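Comments concern the structure below.
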Amino acid sequence: MIIIMDEKASPDQIQSVVERLLDNGFDVHRSTGATQVVLGVVGDTHNVDLRDYEVMDGVHEAIRITDPVKLVSRTFKPENSIVKVGKVEFGGNKIAMVAGPCSVESRQQIKDIAAFVKKTGTHLLRGGAYKPRSSPYSFQGLGEEGLKYMREAADENGLAVVSEVMDRMDIIPALKYVDMIQVGARNMQNFALLKELGKLNKPILLKRGMSATLKELLQAAEYIMAGGNHDVVLCERGIRTFENYTRNTLDISAIPILKKLTHLPVISDPSHGTGIRDKVAPMARASVAAGADGLIIEVHYDPEKAMSDGAQTLYYEQYEQMLSELKIIATAVNRTL
């Protein structure tokens, strides 16, 4: 259920409604729009008589929402949400760029890549310290040591850091080093992890599961927001289909659909979405044209020798070329890069 307050509702009137909801055992999430305050009510509202709240001073309308996705929906918040991570804003007019290697391999490796990322004007550094690999014999990442290397490299270049956690136990070390926590495709429905992330005051990058529907992605985001953390960015990273030419099938149509359903920022990951280096730039261009609020791209100075996902990782010159192309696309859809 949501309660839409009148445009002229006073702070005392709003607080009175909030207190009544809390007294009745509900959780309340407040959203302040351009002209009105909207109260998102979480809990079992099936037996609530909406008129009990509609007669209260300052209330414009009470609406029952049967869809399990409440806080992430545009019904709750019509305006786009802006999620800030360091110098980067997700959800605004400027398209946010995130770049870095698939895995942190060494201190020198991430320092070199961070310096390049800064040079291109990109302000958010990605890199994996805890790596979910399909084979138990593949490189699993450097763990907390890798996070330390990322933080050092980012601080030297004025960058923010985003990195993935695999387990609730990874959250504690991650909080010391990263500015944004990533939830990978394999953990999109790790509900215990999502609940813990909902307790944090740190932005979350939530990737779509490889076989997940868009509704399931939104429900995963709802888990985080229901815990109190509203700084969530959604990422389309490709889904598994019967096509085997590419690693995944990047669902470009998901971008405008999600933009219509939710106020949360939506970005695209064409690196994982295709798994093929020369397909990354075309799908990046398509993502921006479709309305993506940002892109997360894998780059490396020597992808052929990368310890993970080298086949989908761009060379430096390829990333710079892609950025120049994206500026043209962004201008065409009234965005900036």
Quickly run through segment 41-74 and pick out the residues that are out of contact with any Lys or Arg (no Cβ under 9 Å at 6 or more places or on another chain) and crowded, with 19+ Cβ neighbours inside 10 Å. 59, 70, 72, 73
Which of (1) in contact with a helix residue (DSSP H, G or I) (Cβ under 7 Å, 6 or more places away or on another chain); (2) in a strand (DSSP E or B) is the odd one out, the single condition residue 257 does not satisfy? (2)
So, in segment 243-254, how many residues would count as being farther than 23 Å from residue 80 by Cα and assigned to a loop (DSSP other than H, G, I, E, B)? 7
Output the residues belonging to segment 17-40 that are assigned to a loop (DSSP other than H, G, I, E, B), surrounded by 12 or more Cβ atoms within 10 Å (Cβ to Cβ) and among the polar types (S, T, N, Q). 24, 36
Only one of (1) farther than 28 Å from residue 142 by Cβ; (2) crowded, with 21+ Cβ neighbours inside 10 Å fails for residue 294. Which number is that? (1)
Members of segment 67-110 that are part of a loop (DSSP other than H, G, I, E, B) and among the charged types (D, E, K, R): 67, 70, 74, 77, 79, 87, 105
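So that you can scan it fast, the table gives a plain yes or no per residue for (1) closer than 17 Å to residue 234 by Cα; (2) within 14 Å of the chain's Cα centre (by Cα); (3) hydrophobic (A, V, I, L, M, F, W, C):
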site	(1), (2), (3)
166	no, no, yes
174	no, no, yes
178	no, no, yes
181	yes, yes, yes
203	yes, yes, no
211	yes, no, no
221	yes, yes, yes
Restricted to segment 1-16 and to residues being in contact (Cβ under 8 Å) with a residue 24 or more places away in the chain and of a type in the set (Asp, Glu), the residue surrounded by the most Cβ atoms within 10 Å (Cβ to Cβ) is 6
Top-ranked residue in segment 58-105 [being at pLDDT below 95 and among the basic types (Lys, Arg); ranked as farthest from residue 46 (Cα to Cα)]: 87
Restricting segment 222-246 to residues that are surrounded by fewer than 20 Cβ atoms within 10 Å (Cβ to Cβ), in contact with a helix residue (DSSP H, G or I) (Cβ under 9 Å, 6 or more places away or on another chain) and more than 30 Å from residue 40 (Cα to Cα), which is modelled with the highest pLDDT? 239
For a quick check of your reading of the model, give me the residue pairs whose first member lies in segment 255-269 and is under 14 Å from residue 296 (Cα atoms), whose second is outside any loop (DSSP other than H, G, I, E, B) and among the aromatic types (Phe, Trp, Tyr), with beta-carbon atoms closer than 9 Å and at least 6 apart or on different chains. 265/90; 266/90; 267/90
What is the number of the single condition among (1) out of contact with any strand residue (DSSP E or B) (no Cβ under 9 Å at 6 or more places or on another chain); (2) surrounded by 17 or more Cβ atoms within 10 Å (Cβ to Cβ); (3) not hydroxyl-bearing (Ser, Thr, Tyr) that residue 101 does not meet? (1)
Test result for residue 225, aliphatic (A, V, I, L, M) and under 15 Å from the mean Cα position of the chain (by Cα): yes
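The values are calculated or read from the model by the stated rules, or taken from the named source; none is laboratory data. The structure displayed is predicted, hence computed values, not measured ones. We place every Cβ from the backbone using ideal geometry, glycine too, and count neighbours over all the protein chains shown.
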